[in-house]
Each structure stands twice: as C-alpha cells, then as structure tokens.
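The structure under discussion appears below in the form of structure tokens.
The values are calculated or read from the model by the stated rules, or taken from the named source; none is laboratory data. All of these numbers come straight from a predicted model, not from anything done at the bench. Here the Cβ is made from the backbone with ideal geometry for all residues, glycine too, and neighbour counts use every protein chain on show. These accessible areas exclude ligands, DNA and RNA; they are computed on the full protein's heavy atoms, side chains included. Shrake-Rupley method; radii C 1.70, N 1.55, O 1.52, S 1.80 Å.
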Amino acid sequence: KSCQTGKISTAETAVQSHTCQDAAVQTDQREEAAQGFQQEGQVDYTGLLSFLQRVEDAVVKELSKNWKSHAFDGFEVNWKEQNETVLCLHTLSFPEAQQQKLQVTGVSWNTTGAVLACSYGHLDDGDWSTAKSYVCTWNLDRRGLNLQRPDLVMDVPSSVMCLAFHPSQPSLLAGGLFSGELVVWDTSRTEDPVVWRTGMTDDTHTDPVYQVSWVPDGRHRSHTQLWSAAPDGKVLAWHVQDGHLALAGGFTMGAPHLPCSAQLRKLVRGEAAMGVTSLSFSPLDPCVLVVGVEGGSPIKCSTAPVMTALQGLGGCAPGRAPAELIFAPHAGPVYSVSCSPFHNLFLSCGTDGQVHLHSLLQTQPLLSLQLSQQYLFCVRWSPVRPLVFAAAAGEGVVHLFDLEKSSQKPAVSMKQAVGQGPVHCLEFNSRQTQLLAVGDATGTVKVWQLSSDFSEQGPRELNHLEQLASEVMD
C-alpha cells in the first residue's frame with residue numbers, strides 16, 4: 001500500500017550539473033482494495049465517546065476561563081495583508097489647474113471609500129472671487145486609472161475653498177466657494193452636475209466659506225443638513241427646498257449671541273462678529289460642535305437653542321446663546337478643529353504651529369504639541385485608531401501621531417511637497433482605512449498607504465484613550 005524509494009543520490013561538478021534518480025508507484029484501483037480502505041477509515045465511536053468523557057471537565061474549565069478573560073477586548077482580527085511601511089500609493093494631479101498655479105484647497109472621500117474628490121482654488125490673500133477653478137474626482141478602484149486625468153472635472157466660476165461628500169449618498173458632493181455661495185454636485189451626472197446651490201441672497205455668507213459638513217438633522221435623524229462656516233461669523237444650516245438650498249437655521253458668533261462671560265466678551269468688540277474658520281460636530285452628539293475662530297480660541301457650541309427659522313439672522317435671536325464654553329487660545333487664528341469619533345475630545349491647530357488636545361469638559365488643553373515653525377493648516381483624527389491623528393504643516397510635511405507610542409513626537413513624518421510648499425488639507429478614508437489623502441499648494445494630491453500600525457485598533461486602546469481624557473494639566 002505504500003512505497004519508499006531508496007536514497008536519492010546527487011552529484012555536483014564544477015559546471016553545476018547533477019544527476020538524480022526518481023521512483024514512483026501507481027496502485028491499481030480494485031473494488032476489494034477500495035472496500036478495505038473504507039473499512040480501515042471507520043470511526044471507533046465507543047472509543048471516541050470514552051475519550052470525550054475523560055477530557056470533558058478539563059475542556060469546559062478552559063473554555064470557561066477563556067470566556068471570562070478580557071485579554072482580547074477591543075481587538076479585531078484583520079485578515080488583510082499586513083503593511084509594515086507607509087508609502088505613497090498614488091500621486092494625482094490635474095495639469096490645467098497646475099498651469100494656472102491653483103492650489104488644492106480640500107479633499108474628501110465618498111461613502112464607499114473608492115472615489116476621491118479634490119477642490120482647486122487660492123488660499124493666498126487677494127481677490128480671487130472671479131478666478132475660475134475646478135473640482136475633480138478619481139475612482140481609485142477603476143481599471144485604467146489615469147493619475148493626471150480625473151474621471152470628472154467640474155468648472156466652477158469661483159475658487160472652491162472646501163469639500164464634503166454626503167455621508168450616505170455616494171455621488172452627492174458639497175462645496176463652499178470664495179464668493180460665499182454653497183453648491184452641491186451630483187458626480188454621477190457628467191452633464192450639468194450642479195443639483196442645488198444657495199445663490200447669492202441676504203442669507204448666504206458674505207465671506208469665503210472655509211468649512212462645510214453634513215450632519216444628521218436633530219428633528220429627523222434620517223434627514224441630513226448641510227452646515228457651513230465663514231469668517232463673516234455665521235455658522236449656518238441648509239436644507240433642500242424647492243430645488244435649491246434654503247436656510248434652515250444657524251447663528252452668528254458675535255457679542256450679542258455669546259453668554260455673559262468676560263472671557264468670551266474679550267474676543268469681540270462691540271457688535272463685531274468673530275471670524276469662524278472651521279467647525280467640527282461631535283460624532284457622539286450631533287447637537288454639539290466646536291468652532292475655530294480667528295481670535296485663536298476654539299469654542300464649544302450647541303445647536304439645541306438655535307431657532308430653526310431665522311429672518312436674515314438679525315430679526316430673530318435664539319432664546320439661549322449657542323456658545324457654551326471657550327477653550328484656552330492658540331497664539332494666532334485657529335485653522336482646523338477635529339472631534340474624536342471615540343470620545344469627547346477634540347484637536348485644534350493654527351498659525352502658531354501647535355496642536356492642542358482638548359476635552360470638551362474643560363478649558364485647558366490636555367496636551368500641547370509644537371509641531372511646526374510655520375502654520376498648521378489641518379488636523380484630523382483617525383476614524384479607526386482612537387489614538388492616531390494627522391496634521392498638515394506649512395513645511396510640506398504630514399505628521400502622523402500615535403499617542404500610544406509617544407505623546408511628544410510624531411510616529412512618522414511624510415514629506416508631501418517638493419520644496420517648501422505647504423500642505424493644506426488631508427482626509428482619512430473611513431472605509432479603506434489604510435488610505436490617507438493629502439493635498440498641497442503645488443496642486444498635487446497624494447494618496448498614502450498607511451501601515452497596519454496606523455489602520456488597526458489594538459487591544460485596550462480605548463482604555464488608554466479614557467486614561468488620557470481623564471488627565472488634567474497642572
């Protein structure tokens with residue numbers, strides 16, 4: 001029934017030749033042989049039962065011990081191939097925008113994680129309201145991807161300052177313009193993709209829109225509102241009405257709308273509004289948001305007291321001020337804020353080159369990190385790693401922090417732009433968690449593939465975050 005060959009002899013010479021000997025055996029398929037094989041394969045059920053009865057107590061004891069163990073709490077098995085390094089996967093560009101020296105002002109991933117959109121414009125000082133710009137999209141899963149030819153190019157009559165894909169409808173993309181207008185495109189339509197816009201009315205912003213964000217409607221959770229912020233001090237909510245974006249609510253960050261706090265009132269003089277540069281809603285409570293202002297202080301606000309029907313924002317003030325808590329200021333305007341998806345924490349960064357880690361419950365930062373001698377333009381929490389965030393620096397570098405490894409220095413710093421071109425925007429991919437999109441002043445978008453260390457949550461990581469949040473700086 002089996003055959004063992006003799007020892008295979010080999011020989012090597014100076015010309016690397018060798019000889020070998022092979023042997024094999026092939027049995028004949030006979031009915032009686034097959035029957036005998038089947039008989040040998042029969043199970044001794046009596047012996048098996050006896051064995052299981054003998055080991056039952058020990059197995060049950062070990063299973064019970066494992067069931068009560070917390071050794072692997074928060075750990076999820078990832079069956080994907082492990083990546084040990086951070087590398088640049090794609091370098092995307094639109095030659096026409098680069099020829100006009102347009103900068104990448106915003107990037108956004110759609111809800112499927114496959115399509116990346118980027119907006120072009122100017123963040124430099126100057127009147128660019130009449131300068132033409134573009135919004136481009138690439139489907140990174142598409143076969144025949146052309147890194148210098150977007151799948152869709154949309155011409156826009158004004159610089160686009162920010163972008164945000166809809167959280168559940170993959171083709172809806174919102175943008176804020178330098179002119180103060182908001183536009184929503186349907187990227188599945190190649191002809192006339194504009195579906196809604198605010199138009200230029202008394203309700204729209206009078207300054208460039210620096211941030212747009214889709215947020216669940218507090219009254220109808222199945223509906224989504226589009227929020228926007230601008231240096232005119234307005235934080236506005238929009239919904240679709242009669243085929244265009246209509247004002248649904250909002251508030252102004254100015255003295256009349258702030259609580260009677262000496263600390264808050266110091267930020268504004270008289271009736272002047274505070275310039276709002278950024279906003280971030282808490283994923284844990286859609287009524288809570290943090291806004292960054294030109295005065296340097298992040299401010300915690302609540303949308304609960306804001307009235308849903310406003311008449312030009314002036315004739316109807318909310319019954320209670322939306323601003324609830326002011327945080328310790330940066331030494332310059334705040335450019336970006338980001339609320340944690342896992343805890344009541346947020347990050348802020350600005351012109352002082354610092355990142356502040358704050359709890360929503362106290363004014364002083366838990367952590368202050370000096371990352372750059374130039375501006376920090378954007379900061380974002382990872383959607384999958386509670387202790388990881390990324391920051392975009394004016395030196396053309398993207399800093400990746402892992403607070404589990406170090407709370408003082410970046411785990412990785414990726415050189416994004418050639419020379420000293422600043423990095424303006426970045427966005428993690430919440431579906432394809434190993435991807436990070438980064439846009440810079442040279443008109444280039446790089447898609448970085450993160451290592452497994454940055455895209456897989458480790459055991460007890462949430463506990464570590466909880467400990468970090470409970471610390472209070474002396």
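Here are some notes:
- Full-extension gain in nm, Ser69 to Val194, via 0.36 nm per residue minus C-alpha separation: 39.5 nm
- Global form of the stretch 351-474, assessed from the alpha-carbon gyration tensor, a/c cut-off 1.5: oblate
- Over 27 Å (Cα to Cα) - which of Lys300/Lys446; Lys101/Lys446; Lys132/Lys300 fall in this group: Lys300/Lys446; Lys132/Lys300
- When each of the peptides 207-215, 428-436 is scored by the mean number of other C-beta atoms lying within 10 Å of its residues, the order from highest to lowest reads 207-215, 428-436.
- Phi to ³J(HN,Hα) by Karplus 6.51 cos²θ - 1.76 cosθ + 1.60 over the stretch 102-109, Hz, x for Gly, Pro: 7, 9, 7, 9, x, 9, 7, 9
- Within the assembled protein chains, the solvent-accessible surface assigned to Thr201 is about 70 Å², based on a 1.4 Å probe.
- Additional length obtainable on full extension of the chain from Thr206 to Gln98, 0.36 nm per residue less Cα span: 36.1 nm
- Accessible surface comparison of Leu63, Leu450, probe 1.4 Å, protein chains only, largest first: the order is Leu63, Leu450.
- Rounded percent of accessible protein surface that carbon and sulfur make up, the stretch 349-461, 1.4 Å probe: 47
- Accessible-area composition of the stretch 151-198, carbon plus sulfur, in percent [1.4 Å probe]: 48
- Burial order of peptide ranges 346-355, 105-114, 238-247, 137-146 (average beta-carbon count within 10 Å, highest first): 346-355, 105-114, 238-247, 137-146
- Derived scalar couplings between HN and Hα for the stretch 411-416 equal 6, 8, 10, 9, 7, 8 Hz in order, rounded to whole Hz, by the Karplus curve 6.51 cos²θ - 1.76 cosθ + 1.60 (θ = phi - 60°), x for Gly and Pro.
- At the residue level, Cys425 shows approximately 10 square angstrom of accessible surface with a 1.4 angstrom probe and all protein chains present.
- Taking label points 7 Å from Cα along the Cα-to-Cβ direction, Phe51 and Leu462 give a separation of 4.0 nm.
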